[in-house]
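Here the structure comes first, spelled out in structure tokens, and everything after it is commentary.
Quick note: the coordinates plus some simple rules give every number you see, no bench work behind them. Note that this is a predicted model, so its numbers are computed, not measured. Every residue, glycine as well, gets a Cβ built from its backbone with ideal geometry; the counts of neighbours run over all protein chains shown.
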Amino acid sequence: MRREASILHLDLDAFFAAVEQRDKPSLRGRPVVVGGVGGRGVVATASYEARAYGARSAMSTAEARRRCPPGTAFLGGRFAAYRRTSDVVMELLRGLSPLVEPVSIDEAYVDLAAGPGHDLSVSGVTELGLSLKERIAAATGGVTGSVGIGTSKLMAKIASDLDKPDGLLVVPPGGELDVLHPLPVTRLGGVGPATAERLRQVGVSTVADLAAKSLPDLVALAGRAHGAGLYALARADDDRGVVPDREVKSVSHEETFERDLTDLAVLGREIDSMATRVGNRLRSSAYSGRTVTVKLRRYDFTTITRSQTLPQPTDDARLIAATARRLLTEAGTSGGLRLLGVGVSGLSLYAQGDLFAQDAESVPEEPAATGTEEPAEQPELPVEKRWWPGQDVRHEELGAGWVWGRGLGRVTVRFEGPSTPPGPVRTLAADDPLLQPAEPPDWRIPE
């Protein structure tokens, strides 16, 4: 570990929802859920107001609708707005150091030791973190982030997670284990549900419990590589460097089983769980991929992979899981599997309008926020007139706004923007020639 707390981790708070609340004044302080708005959609981000009712990332949109109260806004994603805001934040981070490693669109590590003459004392990095948070809020129109600073990537990320939202926590050198050991073992990267269950069965629930286990015990429990990794992390032993501008080529997750599995139903459930994790990581990183791969390690340690390339890129966990299940069936489970993995490669950034795309079979949506008598059904309309909740629009007479609801050949628009008060709502014909899709509004104050 480093002698100074010189690695910073930034995690923007409920990022997609925060951008929506910034750009839509009527949603500030209200529950907002961003993600797939179709009948089988998945939540990408929930505002903290929505999280109070149990909405969370990777939950089905249908479940989030059941949990959240009337008046909750369910919005499709606006990737161009998120990317523009993220670019502003990443540029601020690069002003601190040339070594900035974006993990996703709303998360990054910074190596402060590589920066221009930073004071790396605890008080120095604390002041730097506070200044960074203030500058991010000012530059993004009020989007907040949580900052963690420590002697390693592990401690910096855990620190940012421990003080959310809008928090700052510095873990001083020598204080790593005091912070780490009381935490549940699931706080460590690589401890998913299957690993957590295996650890629970041997009496491990906290990181301190994990640290009490010997290396041979953990290798026997989780395999050589995974067991050694857990052994190191439980001791805050993490020497990973900050790697700037890394290119993501694939996203995957795998599990090693306590006993060899042959039951396709059980393996199918494992695939569903892994596909959900992969899909969630793709969405949080704003990527989609075309090639789905399953990795199988048989009872005799023979390892094989099977892949299928899809017609279009996807981040849909259900499609990933269905494809992986087919590949597993084709490969077979003869003799039993000791390891199974699911991955997606052939990655590309989403195009505007594709983020959280609706399921073609989904039913028409209710209004994004309740309060009008919008009909529940929608007739076939030309593709260019398929409005979706949250979409930026401009009316030649009424100005800029966003789609608030739709139904029965009509579209309801709230006319407001980042620098206006909450605006009026107007219901228009869905084929109104004066209404057109628009670019995201500019939140920045002209100089």
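With Cβ to Cβ distances under 14 Å as the rule, what net charge do the other residues near LEU183 carry (K, R +1; D, E -1)? Could you put the intermediate results ahead of the total?
Values: positive: LYS157, ARG187, ARG235; negative: ASP161, ASP163, GLU176, ASP178, ASP209.
Cβ neighbours under 14 Å give a net charge of -2.
Explain nothing, just the number: dipole magnitude of the range 55-178 about its Cα centre with +1 on each Lys and Arg Cβ and -1 on each Asp and Glu Cβ, in debye rounded to the nearest 20. Walk me through the intermediate numbers first.
On the way: 13 positive and 15 negative charges, 157 e Å.
In debye, rounded to 20, the range 55-178 gives about 760.
Helix-derived [θ] at 222 nm for the chain: sum -39500 (n - 2.57) over DSSP H runs of at least 4, divide by residue count, nearest 500? Here the helix-only value at 222 nm equals -9500 deg cm²/dmol. Within the chain, which complete DSSP H helices have Cα atoms spanning at least 15 Å along the helix axis and a mean Kyte-Doolittle hydropathy of -1.0 or higher? In the chain, the long hydrophobic H runs are 79-94, 122-140, 264-285, 317-331.
If the segment from ALA139 to ARG30 were pulled out straight at 0.36 nm per residue, it would be longer than the present Cα-Cα gap by 37.0 nm. When the Cα positions of THR333, PRO69, VAL125 are compared along the charge dipole of the chain, THR333 comes out farthest toward the positive end, with charges on each C-beta of Lys, Arg, Asp and Glu. When the chain is treated as a GNM with alpha-carbon contacts under 10 Å, the residue of ILE105, ILE304, ILE136 showing the greatest mean-square fluctuation is ILE304. Taking the average, over residues, of other Cβ atoms within 10 Å as the packing measure, peptides 14-24, 308-318 rank 14-24, 308-318 from highest down. Rounded to the nearest 20, the Cβ-based charge dipole of the chain about its Cα centre (Lys and Arg +1, Asp and Glu -1) stands at 940 debye.
Taking 0.36 nm per residue of separation and subtracting the Cα-Cα distance, full extension of the segment from GLU258 to ASP87 would add 57.2 nm. Along the axis of the charge dipole computed for the chain (Cβ charges of +1 for Lys and Arg, -1 for Asp and Glu, origin at the Cα centre), the listed residues ALA194, THR309, THR144 are led at the positive end by ALA194. Ranked by the mean number of other Cβ atoms within 10 Å of their residues, highest first, the peptides 114-121, 414-421 fall in the order 414-421, 114-121. When the chain is treated as a GNM, springs tying every alpha-carbon pair under 10 Å, which of TYR53, TYR109, TYR82 comes out with the largest mean-square fluctuation? Most flexible of the set in this elastic network: TYR53.
Taking LEU180, LEU264, LEU319 as the candidate residues, the one with maximal mean-square fluctuation in a Gaussian network model of the chain, Cα springs under 10 Å, is LEU264.
Which whole-number percentage describes the relative contact order of the chain, with Cα contacts under 8 Å and a sequence gap of 6 or more? Before the final figure, lay out the partial values.
Numbers: 957 pairs, mean separation 75.5, N = 447.
Computed over the chain, the figure is 17 percent.
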